[in-house]
Every structure is written in C-alpha cells, then in structure tokens.
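The values are calculated or read from the model by the stated rules, or taken from the named source; none is laboratory data. Keep in mind it's a predicted model, so treat the numbers as computed, not measured. Here the Cβ positions follow ideal geometry from the backbone for every residue, glycine too, while neighbour counts run over all protein chains shown. What goes into the accessible areas is simple: the full protein's heavy atoms, side chains included, and nothing from ligands, DNA or RNA. Shrake-Rupley method; radii C 1.70, N 1.55, O 1.52, S 1.80 Å.
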There are 4 protein chains.
Amino acid sequence: MSSNFGTLFRVSTFGESHCKAVGVVIDGCPPGLALTEADIQAQLDRRRPGQSALSTDRQEADQVVILSGTENGRTLGTPIALQVANKDQRPKDYGDMRDIPRPSHADYTYQMKYGIRASSGGGRASARETIGTVAAGAVAAKILKEKCNVEIVAWVSSVGEIDSQAADSQTISRKEVDATLIRCPDQEAALKMEALVTDLKKVGDSVGGVVSCVIRNVPVGLGEPTFEKLEAKLAQAMLAIPATKGFEIGSGFAGSRMRGSAHNDPFVQKDGRLGTATNRSGGIQGGISNGEPITLRIAFKPPATISLPQETVDFAGQEAVLAAKGRHDPCVVPRAVPIVEAMAALVILDMLLRQEARKALLFR
Amino acid sequence: MSSNFGTLFRVSTFGESHCKAVGVVIDGCPPGLALTEADIQAQLDRRRPGQSALSTDRQEADQVVILSGTENGRTLGTPIALQVANKDQRPKDYGDMRDIPRPSHADYTYQMKYGIRASSGGGRASARETIGTVAAGAVAAKILKEKCNVEIVAWVSSVGEIDSQAADSQTISRKEVDATLIRCPDQEAALKMEALVTDLKKVGDSVGGVVSCVIRNVPVGLGEPTFEKLEAKLAQAMLAIPATKGFEIGSGFAGSRMRGSAHNDPFVQKDGRLGTATNRSGGIQGGISNGEPITLRIAFKPPATISLPQETVDFAGQEAVLAAKGRHDPCVVPRAVPIVEAMAALVILDMLLRQEARKALLFR
Amino acid sequence: MSSNFGTLFRVSTFGESHCKAVGVVIDGCPPGLALTEADIQAQLDRRRPGQSALSTDRQEADQVVILSGTENGRTLGTPIALQVANKDQRPKDYGDMRDIPRPSHADYTYQMKYGIRASSGGGRASARETIGTVAAGAVAAKILKEKCNVEIVAWVSSVGEIDSQAADSQTISRKEVDATLIRCPDQEAALKMEALVTDLKKVGDSVGGVVSCVIRNVPVGLGEPTFEKLEAKLAQAMLAIPATKGFEIGSGFAGSRMRGSAHNDPFVQKDGRLGTATNRSGGIQGGISNGEPITLRIAFKPPATISLPQETVDFAGQEAVLAAKGRHDPCVVPRAVPIVEAMAALVILDMLLRQEARKALLFR
Amino acid sequence: MSSNFGTLFRVSTFGESHCKAVGVVIDGCPPGLALTEADIQAQLDRRRPGQSALSTDRQEADQVVILSGTENGRTLGTPIALQVANKDQRPKDYGDMRDIPRPSHADYTYQMKYGIRASSGGGRASARETIGTVAAGAVAAKILKEKCNVEIVAWVSSVGEIDSQAADSQTISRKEVDATLIRCPDQEAALKMEALVTDLKKVGDSVGGVVSCVIRNVPVGLGEPTFEKLEAKLAQAMLAIPATKGFEIGSGFAGSRMRGSAHNDPFVQKDGRLGTATNRSGGIQGGISNGEPITLRIAFKPPATISLPQETVDFAGQEAVLAAKGRHDPCVVPRAVPIVEAMAALVILDMLLRQEARKALLFR
C-alpha cells in the first residue's frame, strides 16, 4: 500500500467501497487559506455516482466533512482530515464474485498480494478510493487559483471510437465541459457518445475513452529533474487513477513520428517573457514547465465489471461463467474528469512549493 | 532537483555532460550479491555514444568504476557508488547556444528554474545523466534475474512513420534486438529505419520513435496501490527519461476504443496458477502484477538539437537563427533501449522488496 | 507540518485539541491481522485525560472508531483510518491567552511559523495530538507481539527530584507499572511522587520527570545505518513527543564518563546465539539491534501551562501577567508512558519490515 | 541501509573505511552559490585522523574533490558529488577480528544484519563514514551563513569525569574551540582532558565525553511538527553519529527535575521581536525555533576498539581474548566536533527550505 502522495503538500487517502468512510489527510496545506466544505463539495459532486443516467446507479451524496486543520473557515497549516461516509452499499450483489475473480479487475491480484480482500464492492480498487484524491485536489486547486491563477480543465475527447473535435486549450472552461452529461465540449460528438454509453448500459457492456486536460498559467520553472520531472510526476499521478492505460504530454505518440525540424517549438517573445509559437512540448521542456499550457491525454480502458456473461475460471481454476451484478459505470470517463483535474492539481502544487523553496534561497 | 528514486532500492544519480564524472549511489542493495564492473559495463556499452554510425559522434568509453559497497566481488549491503569519467568534451561547440535557447530543449527552462545553467553540453538535461540510471539498473536487473528469473527486454518498434511488425513478447531476446544497429527485431523495418536515420544525420535533422518493452517472470503481487500502482511507477520512471512524450501499458490508447466484453482478459489455468488467455491488461491489474508479461510502449520525440537552421529568439527576446553545432543523436531510440530496461528494473526490484516485507509479516 | 512517520508502516496523524476529531491513517499495515477497536482502546485509556486525580480535569472518553482498512475483524492491508471525537472543549478558558503567548509553550512559535494558530486548546501542540500516535502504536505493538513476542514497557523513573529504584528491565510489566497512578513501579517513590504532583496541582505549578522504557525480544538486525540507525529513529520518535528535552540509550550520559575497558559489553553465549554479559549498549550496536533488551530514558520538562501568575509580555511586546486557566496536567509523565510505548512500537515495526525485505533477497 | 538524509536538501553518503573512496551526493543545493573545494576542506581537516597526538595514527589527507554540480565555482542546482579517496589502509591489522567480534562495536550486528561484513576497518561503521556528512554539512553551513548569518559552534564540554566550565553560548567561536587540541574552550579543563587521553592512549584504553553545540541566528519558525519537530530531527541526526548515547536540548535531563514556575522562559521584548529572558527551552518551543540560540548536548561513549585484552567469545561462541590492533581514537570527542556541526547544519538548512516554501504560499 502506498496511499501517500506528494513531498510538501502530502495527501494520505483511505477507505474501501464498503467500509464506514473514505477520505484523506492533507499534510502541508499552506496556512491562512479560506476553506470550507463548499470549496471541496463541487468537485465531489462532479465525481459522485448516480449523478446522471450515464453512470452507475449507486446513490451516494458524498457530503464531505472537515474534521481538523481549520478554524473559523481558515486553514491552520496543520493536517486537514476530510471524510465522506459510505451509505448506499449492497454487499449482496457481490455474492458470485467471491469465488470468481472478475476478468481484468483487481480481485485476483489483491487476493494474491494481500492474502485477503474486501469481500464486496472492489475494496480499495473501487472508484470510491478516488474520493480522497478529488477532495484533496480541490484544496490544491483553490490554492493554485488564488496564488497563481492556475486553471485546470479536463474533458472527454473520445469515447470508444467516437472522437471529438480538438478543443481550444487556451479557452476551454469547466462550464463548457459540463454542458453535456458525457463532459465532451464537442456537442455533436457528445450526443453520439451519450447514445453509445446508454446503449451499452442497457446491454451490460462497457467502453473506454480518453480524457484530455489542460493546465493553464503554470509558473515557469516547476518540475524536479531528473526522476521527478514534471511530466514524470503527472504520468505517475494519472496512471494511479483506476482503469488508465496510457498517458501523453504535448505531441505524445504522434510526436514520435515527426522530424525535429517540424516538431521543435520556436521561441517567440510574449508579454515580456519567452513563449513558444507552437506547443508540441505540451508546456514542459527538460522536465520543467515553460509557461505554456500543459496539455495531457489519458487513456481509460472499458470498465472490467460488465453484466454480459464471461467465460473464465474461478479462484480454484475451474471453468465458470461470470455475469456480474452490482451497479457499475458503463464508461468511466465523465466521472474521471474531476479525478484527472485533482491529480493535476496535487502535482502542480507540490512542485510549486518545492520551487518556491529553491527560489527563496537562490544565490545571484 | 530530485535525483533520488526508489523506496528500498534507492538510487541517487549525479553528473552533467561536461563535469568531471557522472554516476550513481545505490542505497539498499541486497548484501552478498556477486558484483563486478563487468556486470554493469555491458548495458553502459549499449547506451554509450559513438557506438554506431547512427548515434552522436561523441566518443566516450564510459568505463564504470565501483568505488564502494563491495568487497572481494560481493556486495556488503552498504551504499554502492558507481562512477564514469567524462572525457570527450567540446564546450566550444556550445558558443552560439549561450545566448539562444535551443527550441524544445531545456536551456530556457533550466535557466529560468535555477537562475544559472551549465554553459555547455546540456548539463543535467544531457543524455549523459542517464549513465547513473543505466548502471544502477544493471545491478537491479542482475538481482531480479538471479532471484526470480525476471527478464527485461526493450526494442525499437517504430522510427518516425516506419512501424515494425509486432514482436513476440514471450520470446524476444536482447540478442535479437541487438542484431540490428537500430535495435529493431523486425529486420526489414530495421533497414528502413537505419536508412532514414542516416539520411537525417546527413541533413542535420532528427526523428522520433517508439521503444517497446516486456518484463517477463514478474512475481504476482508487485505494485503498491494506490499512488504507487505498478503502472504508475513505471510511467513515472519512463517519463523521467529525456525526450519521452507518451507511455502505454498493455492495450494503451487502443484499449480506450474497445468494449469491455472484447477488452477483458479471461482467466485460465496455467501451471497451477491463474493466468489470462489474452494480455490486454499488460501484466498489471488494479495496479498489481498478475504474473503475465508486463508490456510497455514509450514514445520519444525527435531530438531537439538539430543543425538545420531554426528561426527563434534569443534569451533577450531578439529574433535569431540557430543552427546547432555539437555532436547529437539524430534519433535517440536505439540508445534509449538500455535506459528503458534500466528504469524497468529499478521499479520492479523496489516493488519486489516492498512486497517481500509485506509477505514476511502477513497473518494467515 | 510533517505528520507522517515511517517508511513501510507509515502513519499520518491529524487533529487539534478543539476540532471535531483527532486520529490517524496507517498505511502499510500487514494484512490478515485480527484487529478491533478493543485492541487499540486499552492504550488510549492509559493516555486519556481525566483518568486520575493526578492529571488534567478535562474529561474525554477517547473512544476510537475504525473507519476503514478492516473487514470482519481482519486487516485488509489497506489504509486503516482511526478516529476519536473531541468532546469536552472549553474554548472560553483560553481568552487571556489570545494576546499573551504562554511562556515555554508553542503559542508564539506557531503564530510566527504559520501566521495563524488555533485560538484555544493548544491546537496541534496539545497533548491530544498524541492520540493518533498512541492508536497507531497499539496496532504496531500487536503485530510485534504476535510475530516476534516483542514486549514494550515504559514507566516513570523520576518526578522532579524524586528518583525511583532501578527497575529490572528483564521482567518489568505494564501491570506492575499500572499498580500506581503515577506509573512508577517503585511503590515507595511512587507515593512521594503522587504527593508532590497533588500538591503542585493545588498551587497551580507543574513538575517534570523521566520515563524509562524497555523493548524486549527485538530480533537481531534491526536499524538502518547510517542516518536511520535504530537509536537515531528512536531518538527522533521520542523527541517528537511534546515536552521532551532529552534522550538516552543504554548507558546514556553516564556512559560518557566511563573508560572503554569498563563500558564495553563482552560477548557471551546465550541460547545458541551471542549475547552480552552486560548491556551498557542498550541493545543496539552500530545502529543495529543486537538481541538484548533495548533500554531508553526520556526527559520531560514541567508542563508550560501553569496557573501561577507569570510575568511576561504579550504578542505586542507589552508587559503582562499571565495566570493560565484551562485544565492542564501538573506532570505529564504518567500519561506519557503509553505515548513512549507507542513511539517505540512504530519505530521497531517499521525497521522490522525493512529488515525482512532485505532478508528475503539476501544472497548467500 | 539508509544513507539518505533530508527532504529538500538531501544527502546520500557512501563509503567504507577500506574501499576506494568515501563521499556524498547532495541533491537540492540552492543554485548560484560560490563553492569550491576550499569551502569544504576546512571542516574535513578538523575531522581527519592523525591531526594530533590525541587521535588515531591513521594518516589521511582527506582531500575532497567536487565531481559534479558546479561550473566556474558556482553551484548549478544539480547534484553535487563530493569524493575523498581512501589511502592509508592497513587491513592486516584486522586479522584477529575476523573471528572475534569486538565488544560494543558493530562487527556482530553487521554480520547478523547483512550476512556479510567488511573484513577490515569497520566498514560502514567506521568513523570514515562521517566524511560525507561533514563535507555536505560544510556546504549547508555556508548557505546558512550567507543567507541568515547562522553560526554553528560545537565544543567538548566533558571528557570522562572531567567537566569544563560552562561556555557562553552567545559568544563562543570555533577559534576559541580550536585553541586546544581537545577542542574544549575551558583551557584549564582542556589540559586535564588532554593528559587523560594521552595516558589512555598509552595503556590502550579509551574514554567517552560530551560535545555541546550552539546554533545562533536561526530564524524563528523552523521545525515541522509533529514527527519532524526541530529537536526531533536534531536528535535523529546526532544519534546517527557513531558512538552517541544521549541527546539533550536546552535544559535536558536537568530540566526534568524542575518546577514549571522555575523552568518556563518568560517572554521579553528584544530588538522589535519577542525573545525570552532565559533559554531553558534551548531555542525551540513546540518543535519550532523561537529565535533564541539552539543549545544541544550529545553524549559519546568511550570507543569500543581498545588494545587492552578483553575476555569475550568469538563468532562461534568459543571463549576468546581480544586485544585489538589497528589504529583507533582513544576518545572521539575532539574529532566529533565538526561532525556535530555538520549534522546541525544539515537539519537547519533542510528545515529552512521547508519553511521558505510555506512562507511563499502563506495566505494573509
């Protein structure tokens, strides 16, 4: 288990899908920040199950409570414990899965790693594990917004084989993203995506997708080469989200097919600083932010839990057919949007704190 | 700067392209291992510049010396310091670049982050920084091989738009990979790739590519959810390699386009354990190794330093044309192969140690 | 803030004296352990305020709740969140102290460090902060007991100038310790200590003391030289307890006055292993446990909060007289006993896990 | 092994007594600092063996070389590798000790922990291991001096039963300390100490002592409660020095014997800030520096390696008499002075960087 993340803004998450509560402890939050539950709830609402017909039918209000670390609505600089109760659990739905590990889910590997596993709900491999991350990410994002005007916006750019038109990373807003239930700003593509997801939910199948993310107004100089280059920590953070299979920064895999003469981003003067005319670097050069928008793409596989019958074997190795019960998302990407944003915020804020320490003791 | 990596097998690398030496300190190496310079040199030779006409003309023998941590050819369990001298430096080649930051390189971001930068050779953003990683990775790989028969093989699967036939991840060997200078086991594709790289070297341009990697015989149970899932640490490790732009595990971005019913890997019985009939999971489920081969793909951009003239601006914001001198790789992927293997070894060994600690205190 | 401790068994504590709850998240607990609240409550009861006439009059039941990480009374290997509600708060008692920092307390330094501080109750510098540590320590101690029969016993060896007879570190038990309210096994000294504390409580003064601790049955080989030598981590852990001023291992300061010929512990054969005839080393040599009992002494200062009037200055630098209200301990050592035991358990278990990882991959 | 220390200014030391070289890699050094070998050599010279008739006869010049991380005498912000060659080794002296573990030394515990140990010279448990620490500490101290005028002075305050007069912690300087070979500023006591050590060297015995240390001009606000309180990290750092048995901050064990009314440090106004009239707190309150001098005392045991014959048993458990050869210090405290100063510098600088990060993002 490693449920800790960050060096100076450090989060420790906890909770399974079917225990009393899930949450997070944030250590190293800057003091004096105005912070109430409302600052955190908005992103939890975008993540919560049952928010639309496109997601699982599990109903959880996911109301967050601040247990410690604030007084009179201000952070004290001490650990902030955030907690969300688990309420709508149906452990009975998991009866069959006690003996038959779900293909491509974590039942088998958890059992082998720990010699035990939560008997229902996916335990720590459930999407509920991400609540702590989203809550902590909301705090990080608020700090970044107030101190540096950093804006983090993620959206769905593809579902299955349905691709959307490229969004404008300079202008896209959460409002545009939330204009459709599927959270794709290309409304035409969104309609198709929603139709596909609705159809798959009916038949008990699932589908993958891609979430894109832009982080704007990141100060120049963030990222800690060599093992904690900014893209390296972003990659770790994103691949720590359940169901992720791929990560791209800037030009990504497409960039690997190009010539240097076509791929390089020439420098230009912008508002008294150097900027780049193009942004195939995705806002990071040499592992360090260059002031341009940081652009990411994250691939999500189709959810493993489907109700279509699957031929597989049980833990004992005997042939079996599994048709999962339980309430599951046919496609995770709309709910993954705030999770991606949270992870981005956690990485950027931690790197900002580390760079501020360096700047304070720099010799000139 | 964060030149540390790993929790129990922890490496600390050091060195710029034009300082006295580069190297690494390994903390936490298991004691009693037979280890001499020869165990490390082989992978450094596959990484070193000047090894073929396809790479930079800088000539470095890159002979490693063990300074500490062994006695009579056995590790003591104490820190192992490994050092490689820098010899063939040509700081004069970097004259122009003092004033003009190379587009898409790290000159600008290092200057902004640190307020100073190495005046030549790329400093810590040079590929020479990876020597410490490759040396430490060779030690890690030896331990993994001897204790668990883990095999790690990386190869070039595309260069620019030239794709190779898929390799067989169950059987591919370093010998097959090294059969061509470009390190692509598909000999037909390799010829085309080598011709392309040779042409680009002549004209002073560069090209990107993709390195694939398989890690076989990984014990079931490695990976530390949730923030240090196995794929998350692999993603961090790979994106910490210079010039990387993307990472895929298993089905990767292609998996995001599939249905769950087609993507899930059904369980089957294999040699008294559960295996999977297919491996779209890429050997990892729920962040934990499942015993199947771990399959990765890493995208590398075209090297930023090219001798073709580029229109850009200098540090002062004045328009300038840069035609880089210096000796640079037209394509990094052949030399990236041992670096990818090293990073994989560092991640797997650290996770193995952590899981062994858990297993030792497991309650049944 | 650094409320994290441990590498493999990692705890993250949270909570101020006057917030909703205090607690801890334990990351890395071995799976399969039988664990219920009762396993934890016993040590919290020994720590809680109001347990006897010798301590503060604040009344808190300090009932612990396990929020996550267990199912059917067994640990899952996932993070265990433990929580204790704050109930009996009297913020009004702290009115005067808003303007006048208590001499030798943390009011001034917290205000200067964070630019803000909890307006009442000492915030994170309150003894309530130790609840999370004690709760986590109880879990660690249970694992150590079940796996290695490790026994950890702390006791009060002096209060003010009242010294007790040396206890027998081979046999002393918690039962003997708890036979007196002051937790000193020398009953004669205990009576004097209790009388002193009672008198000081009446007059509004306070007094310091020393807690001794023995850790028996520690496996040979624990401790991670050089910066995490076993005594170094124990020293850190103990000096992280509020009000501590000194730490000794084995012969301590008295040992600094001796000759080597008199101080060295000769080896002897014991039950098929090497032991030592004497134990001035305190169970640790070269930073590594040698199998003998580990013996520690920790100095606690007199509590800073006293109701006797003190001439001091307020935050503005104006002369002032402070006579603290609130309910405070006249002497912390009886309640410090379980805290010292908890810290010892956290250090030993983390080191055990790390050594088990090494042993698993040792080459012979 | 844990040869890493520090969060933002992180050192990784390496080297045994009889390998090729010892040294350190510093990660996170602020960029732009003027730094040459001369800045580091002075403290190594105060630490090196053979510096006076009071120490071991082993002769090592201990010349440091900077391998990386600087250019033109300025730090680049990249890892700084520092190396000192081992030269005067006499492995033959260790013949007897192959079979007989030295009482109270690390031979037995290293063998048990690692299953192997350096066959001569104490390996990593030798005092040579501290070279890396002293070198890194010199860099840290230079930064602290230039940025905050922090002054760190350690001295010998007792040797065996010979106590010195209390030094004035406000004024004591390294020059005063170095006025005597034993490094005790009380010249009368120093003469007695030197006579004692000389006598013990002749007869082949050893003696312990106490090193005191003051750290002046530490900014208010350093220290990271709760597990990394300033005194907790100082305690860890000091107990990580070989041969240490005890640690005191401020009033130490003597403080445990006092009443709160006598122990508390009243606040007074000093130069526009709050100071304290007395300093029993030792410059730290609630784990955080309060701007007063930080005062420490560290107990060192008598060196374990003595040439007087000792009755003990060999590794096989057979009775044996050991009369150690080799060249060893009869008393470590004079050479421990720069090591204590180095450890103090490493702790303070790391804490300063962490607090600077907090201050930069503080909300007001």
Of the residues C:R117, C:R128, which is out of contact with any Pro (no Cβ under 7 Å at 6 or more places or on another chain), in a loop (DSSP other than H, G, I, E, B) and closer than 30 Å to D:R354 by Cβ? C:R117
If I ask for residues that are within 17 Å of A:A342 (Cα to Cα), within 20 Å of the chain's Cα centre (by Cα), in contact (Cβ under 8 Å) with a residue 60 or more places away in the chain and more than 14 Å from chain B (Cβ to nearest Cβ), which ones from the stretch A:141-172 would you list? A:A141, A:K142, A:I143, A:L144, A:V150, A:E151, A:I152, A:V153, A:A154, A:W155
Among the candidates B:F9, B:F5, residue that is open to solvent by 10 Å² or more (accessible area, probe 1.4 Å) and aromatic (F, W, Y): B:F5
Test D:P303 against the criterion of being part of a helix (DSSP H, G or I) and closer than 30 Å to C:A262 by Cα, and give yes or no. no
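Results for (1) open to solvent by 70 Å² or more (accessible area, probe 1.4 Å); (2) more than 14 Å from chain A (Cβ to nearest Cβ); (3) more than 25 Å from A:G260 (Cα to Cα); (4) touching a helix residue (DSSP H, G or I) at 6+ places or on another chain (Cβ under 7 Å), shown as yes or no for each residue.
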residue	(1), (2), (3), (4)
B:R174	yes, yes, yes, no
B:P185	no, yes, no, yes
B:E194	no, yes, no, no
B:V197	no, no, no, no
B:V203	yes, no, no, no
B:V211	no, no, no, yes
Complete set of residues in the stretch A:70-81 that are buried (at least 24 other Cβ atoms within 10 Å of the Cβ) and at the interface with another protein chain (Cβ under 7 Å from one of its Cβ atoms): A:L76, A:G77, A:T78, A:P79, A:A81
Sort out which residues of the stretch C:291-311 are under 23 Å from the mean Cα position of the chain (by Cα) and facing chain D (nearest Cβ under 7 Å), and write them in order of number. C:A299, C:F300, C:K301, C:P302, C:P303, C:A304, C:I306
Expected single match for out of contact with any Cys (no Cβ under 9 Å at 6 or more places or on another chain) and closer than 30 Å to C:G260 by Cβ among D:V337, D:V321, D:V268 is D:V321
Show the residue pairs meeting these rules: Cβ distance below 8 Å; 6+ apart or different chains; first residue within the stretch A:340-355 and basic (K, R); second residue open to solvent by 10 Å² or more (accessible area, probe 1.4 Å). A:R354/A:T7; A:R354/A:L8; A:R354/D:L8
Within the stretch C:21-43, restricting attention to residues that are open to solvent by 10 Å² or more (accessible area, probe 1.4 Å), more than 9 Å from chain B (Cβ to nearest Cβ) and outside any loop (DSSP other than H, G, I, E, B), which residue is farthest from C:A61 (Cα to Cα)? C:D39
Sort through D:T180, D:T133, D:T109 and tell me the only one that's within 15 Å of the chain's Cα centre (by Cα), of a type in the set (S, T, N, Q), at pLDDT 95 or above and buried (at least 18 other Cβ atoms within 10 Å of the Cβ). D:T133
Filter the stretch C:329-364 for residues that are within 12 Å of chain B (Cβ to nearest Cβ) and not aliphatic (A, V, I, L, M); the one that is nearest to the chain's Cα centre (by Cα) is C:D350
Does the stretch B:336-350 contain at least one residue that is outside any helix (DSSP H, G or I), touching a strand residue (DSSP E or B) at 6+ places or on another chain (Cβ under 7 Å) and not polar (S, T, N, Q)? no
Only one residue in C:T109, C:T133 is among the β-branched types (V, I, T) and either assigned to a loop (DSSP other than H, G, I, E, B) or under 30 Å from C:Q355 (Cβ atoms) (or both). Which one? C:T133
Among the candidates D:A118, D:A53, D:A61, single out the residue that is aliphatic (A, V, I, L, M) and crowded, with 19+ Cβ neighbours inside 10 Å. D:A118
Would you call C:R280 open to solvent by 10 Å² or more (accessible area, probe 1.4 Å) and more than 10 Å from every other protein chain (Cβ to nearest Cβ)? no
The stretch A:112-130, residues that are under 18 Å from the mean Cα position of the chain (by Cα) and of a type in the set (S, T, N, Q): A:S126, A:T130
When the residues of the stretch D:218-247 are narrowed to those that are open to solvent by 10 Å² or more (accessible area, probe 1.4 Å) and over 17 Å from C:A232 (Cβ atoms), which ends up nearest to the chain's Cα centre (by Cα)? D:P219
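This table checks each residue for (1) crowded, with 21+ Cβ neighbours inside 10 Å; (2) closer than 21 Å to B:F5 by Cβ.
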| position | (1), (2) |
| --- | --- |
| B:I249 | yes, yes |
| B:A254 | no, no |
| B:H263 | yes, no |
| B:G272 | no, no |
| B:G275 | no, no |
| B:F300 | yes, yes |
| B:E319 | no, no |
| B:V337 | yes, yes |
| B:D350 | yes, yes |
Across the stretch B:37-91, what is the number of residues that are without any contact (Cβ under 8 Å) to a residue 12 or more places away in the chain, within 12 Å of B:V139 (Cα to Cα) and over 21 Å from the mean Cα position of the chain (by Cα)? 0
